[in-house]
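The block underneath contains the structure these notes are about, expressed in structure tokens.
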Amino acid sequence: MPPNAHSISVAANTIHRAVLHTDPLAALSASRWSLEGTSDFWAFVLQIATVAITLGVFVEVVATILEIIEDRAEGKKLPLHAILTLLGGGVVAIALGFEFWAEFKTASIETDLRKNNAAAQGELDKRARDATAEAVAIANKFGGLQNFVAHKEGEMDSAFSSFKTFAEQQQTRTTNAINGLNTKQAKLQTALSSVDASAGKAASAADTAGKTSASMTDTLNSERQMQGQMRAIITHRVLTPEQAAGLVEKLKPFAKTPFDLFLMQDPDAMNFEFQLADVLQKAGWDWKPAPALGALVFTPPGKPQIGMQTLSGCSIEIAESSRSTLTAPVLALLNGILGTGIPCRASANKDADMKSEFDKKWVHIFVGIRD
């Protein structure tokens with residue numbers, strides 16, 4: 001069953017306060033910017049150090065070259081260590097040049113990565129806020145539905161209570177009329193037995209019989225009126241052709257929605273469920289065979305199997321895991337049925353609470369005897 005309005009309001013307010021007053025992304029962003037600034041500073045220091053080392057090596061190589069030139073000018077033989085020093089200095093100078101270039105490219109790539117991370121973080125933050133707003137909207141929507149259904153149930157309870165009082169009054173009147181009829185019939189028999197003795201008594205008996213006949217007519221009329229009211233209640237769950245056509249139009253936008261049917265072996269329930277099945281098929285919904293939960297199943301000619309259960313009222317159920325895909329078609333069906341004046345209810349149940357035989361991606365429709 002959907003949560004009550006109070007629970008939904010509390011959940012919505014909690015989500016709203018969490019969005020307004022707690023923003024861990026802002027704290028993480030500030031920390032990231034601080035770390036990025038520190039990283040940039042030390043990267044710059046490393047580049048300066050690399051340039052300084054390069055200049056030092058260059059100076060050392062130049063000094064070695066000058067030393068070799070002076071030795072050659074004095075006619076001295078070129079020492080091996082001078083050659084090795086010159087070669088080593090050249091290799092170090094080249095390596096430092098590549099190192100400086102690599103540090104420069106690394107800094108550029110890291111800058112691009114930071115931009116991408118910032119863009120990704122912004123997109124995630126936007127999606128989170130959109131999801132929160134959608135959750136609050138859905139919660140408020142289902143809270144309004146619960147209030148509407150509860151209001152309708154209250155109206156039905158009030159109507160039933162009024163009819164019960166009326167029926168009790170009619171029963172009392174009928175009992176009183178029958179008792180009066182029995183009394184008057186006894187008087188009539190007494191009068192008839194003494195008809196030979198007194199013509200006056202015969203006339204009185206005839207008058208009594210006429211009054212009794214009028215009372216019987218009133219009683220029969222009262223019973224016919226009560227039967228008519230009871231017949232109207234018994235045949236209440238019937239869709240007129242206009243109501244059925246209107247319901248088909250409301251459900252067509254959700255064509256191909258899978259559903260199965262369960263009913264109780266009751267003429268009124270079977271007639272109403274067959275009307276619903278016809279409406280759903282005309283709207284393009286996909287009728288699936290219901291699982292056999294017990295020994296009894298029912299398969300109409302040329303139609304999928306219908307599950308047989310002990311039920312009361314009209315209800316529509318879906319699994320919580322399919323709420324995002326089945327909420328819209330279920331609301332259209334529920335509002336359409338309620339719009340015809342027939343009571344019905346809907347709920348999204350936890351997957352673990354549903355019977356294992358039920359498909360979690362289908363709409364399950366139950367019709368039993370009137371509540």
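Residue 307 - would you say it is in a strand (DSSP E or B) and modelled with pLDDT under 95? Answer is yes for this residue.
Is segment 323-341 home to any residue that is closer than 30 Å to residue 137 by Cβ, assigned to a loop (DSSP other than H, G, I, E, B) and of a type in the set (D, E, K, R)? Show your work before the answer.
The first filter runs over segment 323-341 and keeps only residues closer than 30 Å to residue 137 by Cβ, leaving 323-341.
Pick out the ones that are also assigned to a loop (DSSP other than H, G, I, E, B) and you get 340-341.
Then keep just the ones that are of a type in the set (D, E, K, R); that gives none.
No, segment 323-341 contains no residue that is closer than 30 Å to residue 137 by Cβ, assigned to a loop (DSSP other than H, G, I, E, B) and of a type in the set (D, E, K, R).
Of the residues making up segment 286-339, those that are more than 21 Å from the chain's Cα centre (by Cα) and among the small types (Gly, Ala, Ser) are 290, 292, 294, 295, 302, 307, 312, 313.
Which ones in segment 342-366 are outside any loop (DSSP other than H, G, I, E, B) and under 16 Å from residue 288 (Cα atoms)? Those that are outside any loop (DSSP other than H, G, I, E, B) and under 16 Å from residue 288 (Cα atoms): 363, 364, 365, 366.
Considering only residues in segment 278-304 that are surrounded by 16 or more Cβ atoms within 10 Å (Cβ to Cβ) and in a loop (DSSP other than H, G, I, E, B), the one that is modelled with the lowest pLDDT turns out to be 291. The C-beta contact set for segment 104-123 (first residue over 15 Å from residue 37 (Cα atoms) and in a helix (DSSP H, G or I), second residue open to solvent by less than 50 Å² (accessible area, probe 1.4 Å) and of a type in the set (Ser, Thr, Tyr), distance under 9 angstrom, 6+ apart or interchain) comprises 121/29.
Identify the residue in segment 146-186 that is farther than 21 Å from residue 341 by Cβ and small (Gly, Ala, Ser) and, among all such residues, is modelled with the lowest pLDDT. Walk me through how you get there before you give the answer.
Taking segment 146-186 as the starting set, the residues that turn out to be farther than 21 Å from residue 341 by Cβ are 165, 168-186.
Subset that is small (Gly, Ala, Ser): 177, 180, 186.
On the way: 177: 62, 180: 74, 186: 78.
Out of the qualifying residues, it is 177.
Exactly one residue out of 216, 230 is within 20 Å of residue 369 (Cα to Cα), open to solvent by 60 Å² or more (accessible area, probe 1.4 Å) and modelled with pLDDT under 70: that is 230. Residues satisfying the criterion are absent from segment 325-335 (criterion: open to solvent by 10 Å² or more (accessible area, probe 1.4 Å) and either modelled with pLDDT under 95 or among the acidic types (Asp, Glu) (or both)). Counting residues in segment 261-277 that are without any contact (Cβ under 8 Å) to a residue 40 or more places away in the chain and in a loop (DSSP other than H, G, I, E, B) gives zero. Selection of segment 86-110 for residues being polar (S, T, N, Q) and either in contact with a Pro (Cβ under 7 Å, 6 or more places away or on another chain) or loosely packed, with under 12 Cβ neighbours inside 10 Å (or both) yields only 108. Considered as a group, the residues in segment 35-81 that are of a type in the set (Gly, Ala, Ser) and in contact (Cβ under 8 Å) with a residue 60 or more places away in the chain include one that is nearest to residue 94 (Cα to Cα), and that residue is 43. From the list 61, 57, the one residue that fits, being within 30 Å of residue 39 (Cβ to Cβ) and either open to solvent by less than 40 Å² (accessible area, probe 1.4 Å) or aliphatic (A, V, I, L, M) (or both), is 57.
The values are calculated or read from the model by the stated rules, or taken from the named source; none is laboratory data. Quick caveat, the model's predicted, so the values are computed rather than measured. Neighbour counts run over all protein chains shown; Cβ positions are idealised from the backbone, glycine included. Heads up: the accessible areas ignore ligands, DNA and RNA and are worked out on the full protein's heavy atoms, side chains in. Shrake-Rupley method; radii C 1.70, N 1.55, O 1.52, S 1.80 Å.
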